[in-house]
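Student: So that we are looking at the same thing, I have put the structure below in structure tokens.
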């Protein structure tokens, strides 16, 4: 069974790195990509041209995005009765207290700072896989 | 009407009674006739005197005329002689004499004309005389001119013509005629006078005889008229009663008669009561015994009699002596008495005892004498009627020299005007007026010296008319003081002008009374535009409040206040523009009330520089903040690309190591190393910028706890090196605990890192530096630092060692410096190479703790 994960990230370098490390960690992950907040919301709400988009089991969300930033996406998802049960992991370069506090206030499920060193990043991604995609029990929502 | 006998009545009264033995009409007529005859006789006698004196006058007159005529003849002869003298000798002195002769001649002609002006004949003769004099002078002048121009011979020839001789002869003849005429007149006049005198003598003899005859007839008539005597007696008693009643009325007055030399002739009961002498004791004595000793010495009694004789009357208020030697204030009137022929017969003296007659009078007098000012009482005619001792002293006159004197002789000007002005006021107004508010005049002493006075008048209605009491105060001293004040004011003004600030003096009504040049300049007004104006014209708001506030303070407080601490207000210039001022007020007591001196400083420049400073500080703060923000954002945002470089070089190395050539492997290794160092630098820079940006509030913090946390964080390093970290008891301080922990961590970490071969020993102490600071020391036995690097080591990314020896970016001490500075102190180092270093920094004592 494929695990649909939505990565909301505008930096292609990070996208590639995340994709590579996730694939190394778990072969059954199917990664979907949104380059900004607007695309992310369109995907989640299956708006055109995403009418057939699957409901992801996890959202990896960067905070600094063009058009609609990660905080707004977070707020919009958690305000949506259908989407709010999808766990959101904030994956960002910022370690500002204000960002951390704000994210949890908006009911982010987890806040992670991207490490600079490659090995650390790989470790981090593996632990996300181990926890959020392996151990965590999520509500059973019919994938309509 | 019982006709009580009049025991001690005055002699005059008794005489009057005896001279009227009957009241018969015939007697009255007889006496009237006798009186009429005596009058006629008197008139005749007077007339004869007039005639006699007239006759002697004519004799004198005739003598005067003839002597003037003789003088005229002499002058004519002298003129003639002088003319000849000059002609013969040519000596000019003759001419001087000649000229005086001519003027004599003319002068006597004038005199004769005047004294014979009643005689037409003589006046005609005088015309001839005038003509002859004119001719004589003319001829003489001609001869004198001839002598000067043509010499002796021609002049002598002219003299000999006989022209001059004819004139002199004519002159003599006319004078002789006038002599004769005057003599004739005298004879005629004397004859008439003699005749008149003879007639007068006859009339006198007849008149006297007639008078005697009528008196005799009247005497006989009176005896015969006995039946009418009782009625006459009743009438006499009636009149006597009235007279006595009159005397009772004048109970307060001693009434006595003096003869021409001042001897007492009569005495009444009031006189006995007031003066203490019985009639028999005093009659015949001189009235000078009523005077105090010093007055007698001054010859005052005689002087009074003289004045009374000359003026007919003399009034004075003065001291008098009783028999027992006591003195009393008296008002005395002396009246000169004359008999029917006008011959002085004596004087009447009416004395009123002022000390006794009225209690209030005595009090008044006492009050007057006790007054500190000179007091004078002036009657309606401007005569001084009462003075006190002060007045005597002030004006240098004796009391009775002042009494009766006109007030303008001691107050030359202004008194009369004052009198009028004060007279228009009611007595209440006058009383209400304080002496201090009287007007100022000049008074004159007896010696003629003048002095300034203040005078206050108050009218007093009395039986003698309106009396004016004048209180006179010598204000020379006060005037001097005022002059002194003016001098002081000038000095004060000088001071004011010298002041660097605008100075304005304001009175208690808020009006400007004085200002300096700086004030004129500052406010753009001319001095006269501001004087008398309200302070609100130049300081629209706040001044009255200031005034009140400052008035409540003592002068010492005000003086203690520095101008710099004055409050700030806004002032307005004449052109309406406003500017900020600082004002300091200081009260000044003066004779015109409390004056307030306001020192006003234009603080425009200071305000501007203050504003500029504030602006600069704000700018600096903003720029600092921006810099910190920049450092933070820069290091934060740099992380992103750095992570890309680091991650992908790492990925590159992992996937392609050994698959490319050896150069490629080296290059990848350098790239990976550079990326990770870059990463460290950025992280350190971020940490450094966070000290300012992420700092917490300084609160009570246990420095021991902070140190404990730091050593816990350093556990790996401490255990690895075997370092001994010790400390004394450490105090609580005002600090950001995280930063204090970091401070200790960096310092202890450095001490371990830069250690020598021996076991690292680190000791931390804190000693009180002053009442507010603890001085912390972190001492180690490490490598030590050369003194030239003491400053440098605290710089950002400053390193003293090669990277191969010690890793690290060199940010540690820079962060320490910044933390200490943020806590209000400065970090310093003392170190000896190869022995160790001591880092010191102060921290603030917790409040309430020493």
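The values are calculated or read from the model by the stated rules, or taken from the named source; none is laboratory data. Everything quoted here is computed from the prediction, not taken from an experiment. All Cβ positions, glycine included, derive from the backbone under ideal geometry; neighbour counts span all protein chains shown.
Student: Just to verify a result, which residue in the stretch B:373-395, among those that are surrounded by 15 or more Cβ atoms within 10 Å (Cβ to Cβ) and out of contact with any helix residue (DSSP H, G or I) (no Cβ under 9 Å at 6 or more places or on another chain), is nearest to residue B:468 (Cα to Cα)?
Tutor: Ranking the candidates gives B:379 first.
Student: Of the residues A:15, A:57, A:8, A:73, which single one is within 22 Å of residue B:647 (Cβ to Cβ) and under 11 Å from the mean Cα position of the chain (by Cα)?
Tutor: Among A:15, A:57, A:8, A:73, only A:8 is within 22 Å of residue B:647 (Cβ to Cβ) and under 11 Å from the mean Cα position of the chain (by Cα).
Student: Please verify whether residue B:620 is closer than 30 Å to residue B:683 by Cβ, more than 57 Å from the chain's Cα centre (by Cα), more than 9 Å from chain A (Cβ to nearest Cβ) and exposed (fewer than 11 other Cβ atoms within 10 Å of the Cβ), treating the condition exactly as stated.
Tutor: So residue B:620 fits the description; yes.
Student: Do any helices (runs of 4 or more DSSP H) lying entirely in the stretch B:262-380 carry at least 2 residues that are outside the structural domain of residue B:394 (by TED's automatic domain parsing) and under 30 Å from residue B:41 (Cα atoms), and which ones are they?
Tutor: Result: B:300-311.
Student: In this structure, does residue A:117 turn out to be closer than 29 Å to residue B:646 by Cβ, away from chain B (no Cβ under 14 Å) and buried (at least 16 other Cβ atoms within 10 Å of the Cβ)?
Tutor: no
Student: Specify the residue that is farthest from residue A:28 (Cα to Cα); the eligible residues are those in the stretch A:1-17 that are part of a loop (DSSP other than H, G, I, E, B) and more than 10 Å from every other protein chain (Cβ to nearest Cβ).
Tutor: Looking at residues that are part of a loop (DSSP other than H, G, I, E, B) and more than 10 Å from every other protein chain (Cβ to nearest Cβ), I get A:10.
Student: Give the stretch A:94-114 a look and list any residue that's buried (at least 21 other Cβ atoms within 10 Å of the Cβ) and within 11 Å of chain B (Cβ to nearest Cβ), or say none.
Tutor: Correct list: A:94, A:114.
Student: Right, next: Mind checking which residues of the stretch A:1-33 are loosely packed, with under 15 Cβ neighbours inside 10 Å, in contact with a strand residue (DSSP E or B) (Cβ under 8 Å, 6 or more places away or on another chain) and free of Cβ contacts under 8 Å to residues at least 24 places away in the same chain?
Tutor: Passing the criteria: only A:23.
Student: Please specify each residue of the stretch B:774-794 satisfying the condition of being in a loop (DSSP other than H, G, I, E, B) and surrounded by 14 or more Cβ atoms within 10 Å (Cβ to Cβ).
Tutor: Of everything in the stretch B:774-794, those that are in a loop (DSSP other than H, G, I, E, B) and surrounded by 14 or more Cβ atoms within 10 Å (Cβ to Cβ) turn out to be B:781, B:782, B:783, B:784, B:785, B:790.
Student: Over 30 Å from residue B:692 (Cα atoms), out of contact with any strand residue (DSSP E or B) (no Cβ under 9 Å at 6 or more places or on another chain) and in contact (Cβ under 8 Å) with a residue 60 or more places away in the chain: is that true of residue B:658 in this structure?
Tutor: No, not satisfied.
Student: Now for a separate question. List the residue pairs whose Cβ atoms are under 9 Å apart, where the first residue sits in the stretch B:749-775 and is in contact (Cβ under 8 Å) with a residue 40 or more places away in the chain and outside the structural domain of residue B:809 (by TED's automatic domain parsing), the second is outside any strand (DSSP E or B) and crowded, with 16+ Cβ neighbours inside 10 Å, and the two are 6 or more positions apart or on different chains.
Tutor: From residues that are in contact (Cβ under 8 Å) with a residue 40 or more places away in the chain and outside the structural domain of residue B:809 (by TED's automatic domain parsing), there are no pairs.
Student: Mind telling me which of the residues B:676, B:703 ends up being surrounded by 14 or more Cβ atoms within 10 Å (Cβ to Cβ), closer than 29 Å to residue B:632 by Cα and either outside the structural domain of residue B:628 (by TED's automatic domain parsing) or at pLDDT 95 or above (or both)?
Tutor: It is B:703.
Student: Consider residue B:627 carefully, then state whether it is surrounded by 17 or more Cβ atoms within 10 Å (Cβ to Cβ) and either assigned to a helix (DSSP H, G or I) or within 14 Å of another protein chain (Cβ to nearest Cβ) (or both).
Tutor: No; evaluated as a whole, the condition is false for this residue.
Student: Further, regarding this structure: Among the candidates B:771, B:757, B:766, which residue alone is closer than 22 Å to residue B:706 by Cβ and more than 60 Å from the chain's Cα centre (by Cα)?
Tutor: It is B:766.
Student: If you don't mind, there's one more thing I want to ask. Just to be sure before I move on: is residue B:328 over 48 Å from the mean Cα position of the chain (by Cα) and within 29 Å of residue B:378 (Cβ to Cβ) in the structure I sent?
Tutor: no
Student: Tell me yes or no: at least one residue of the stretch B:631-647 is over 28 Å from residue A:16 (Cβ atoms), more than 13 Å from chain A (Cβ to nearest Cβ) and modelled with pLDDT under 85.
Tutor: Within the stretch B:631-647 (the criterion being over 28 Å from residue A:16 (Cβ atoms), more than 13 Å from chain A (Cβ to nearest Cβ) and modelled with pLDDT under 85), the answer is yes, since at least one residue qualifies.
Student: Please tell me if residue B:105 is surrounded by 19 or more Cβ atoms within 10 Å (Cβ to Cβ), modelled with pLDDT of 80 or more and under 15 Å from residue B:76 (Cα atoms).
Tutor: Considered against the rule, which asks whether it is surrounded by 19 or more Cβ atoms within 10 Å (Cβ to Cβ), modelled with pLDDT of 80 or more and under 15 Å from residue B:76 (Cα atoms), residue B:105 comes out as yes.
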